[in-house]
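Worksheet for the structure shown next.
The values are calculated or read from the model by the stated rules, or taken from the named source; none is laboratory data. The shown structure was predicted, so the numbers you read here are calculated from the model rather than taken from an experiment. Note that each Cβ is placed from the backbone with ideal geometry, even for glycine, and that neighbours are counted across all protein chains shown.
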Amino acid sequence: MFALWCHCNTLEGDQVASVTVRNLSDEDYGAIQVQAVQHGRSTEAEIRDILERAVKPDGRVKLGSYLASIGRELGGLTDEEHALFERGHR
């Protein structure tokens with residue numbers, strides 16, 4: 001069993017979340033290491049990517065987009081206004 005600990009800082013030096021994963025099986029840890037090598041990155045970077053994809057899946061509806069669609073349905077935003085909103089938040 002492995003205990004995995006990740007600690008990261010941003011370029012600006014601001015503290016970001018740290019995570020410790022306990023009781024990770026040797027098999028799972030080895031599989032993550034293999035994936036990391038296949039993707040040309042560190043094990044820590046691979047784990048970050050796995051977590052980001054898990055919490056931000058493709059096709060998810062972002063809150064701003066959802067609220068804009070409600071506004072359009074209620075007649076609050078035109079398509080042009082919506083396009084301006086979308087361009088400003090990317």
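Within the range 11-29, restricting attention to residues that are in a helix (DSSP H, G or I) and exposed (fewer than 12 other Cβ atoms within 10 Å of the Cβ), which residue is modelled with the lowest pLDDT? Among those that are in a helix (DSSP H, G or I) and exposed (fewer than 12 other Cβ atoms within 10 Å of the Cβ), it is D26.
Matching residues to (1) more than 17 Å from the chain's Cα centre (by Cα); (2) closer than 30 Å to A83 by Cβ:
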{"residue": "T20", "(1), (2)": "yes, no"}
{"residue": "N23", "(1), (2)": "yes, no"}
{"residue": "E27", "(1), (2)": "yes, no"}
{"residue": "V37", "(1), (2)": "yes, no"}
{"residue": "T43", "(1), (2)": "no, no"}
{"residue": "E46", "(1), (2)": "no, no"}
{"residue": "L63", "(1), (2)": "no, yes"}
{"residue": "A68", "(1), (2)": "yes, yes"}
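Checked against the criterion of being modelled with pLDDT under 80 and part of a helix (DSSP H, G or I), the candidates R53, R87, R60, R48 yield just one match: R87.
I'm told E80 meets every condition in (1) under 29 Å from V21 (Cα atoms); (2) not in a loop (DSSP other than H, G, I, E, B) except one. Can you identify the failing condition by its number? Status for E80: all satisfied but (1).
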